[in-house]
Amino acid sequence: GGGMMPSMMGGGNPGGMRMGAGSGQPGARLFISNLAYNTTWQQLKDHFKALGNVVYCTVFKDKATGQSKGSGIVEYEDVSNARQA
């Protein structure tokens, strides 16, 4: 059982990165969809960091195959950066 969405609370994601605990500001975290299947979390972070300091970034992958699901999360240090994205 269980849904496909990962928990937003705690828990590590080996495919992602976390620097510090994150801001926890509402609206600072963005769900990104329609990613190319070969996009890495590093590429995603590099793209979005032009708008501000990215504190968390991950690309969701299928646990069985390791294939990207074409979506991920980017979290900014400041919610105002997320609003610009």
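The values are calculated or read from the model by the stated rules, or taken from the named source; none is laboratory data. The structure displayed is predicted, hence computed values, not measured ones. Here the Cβ is made from the backbone with ideal geometry for all residues, glycine too, and neighbour counts use every protein chain on show. Areas reflect the complete protein model, heavy atoms only, side chains present, ligands, DNA and RNA absent. Shrake-Rupley method; radii C 1.70, N 1.55, O 1.52, S 1.80 Å.
Overview of values
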{"quantity": "So Ala50, is it open to solvent by 40 Å² or more (accessible area, probe 1.4 Å), closer than 16 Å to Glu77 by Cα and aliphatic (A, V, I, L, M)", "calculated": "yes"}
{"quantity": "Condition met for Gln43 (open to solvent by 80 Å² or more (accessible area, probe 1.4 Å) and modelled with pLDDT of 95 or more)", "calculated": "yes"}
{"quantity": "Boolean, Val79 is modelled with pLDDT of 95 or more and among the aliphatic types (A, V, I, L, M)", "calculated": "no"}
{"quantity": "Output for region 50-68, where each listed residue is touching a strand residue (DSSP E or B) at 6+ places or on another chain (Cβ under 9 Å) and free of Cβ contacts under 8 Å to residues at least 40 places away in the same chain", "calculated": "Leu51, Gly52, Asn53, Val54, Val55, Asp62, Gln67, Ser68"}
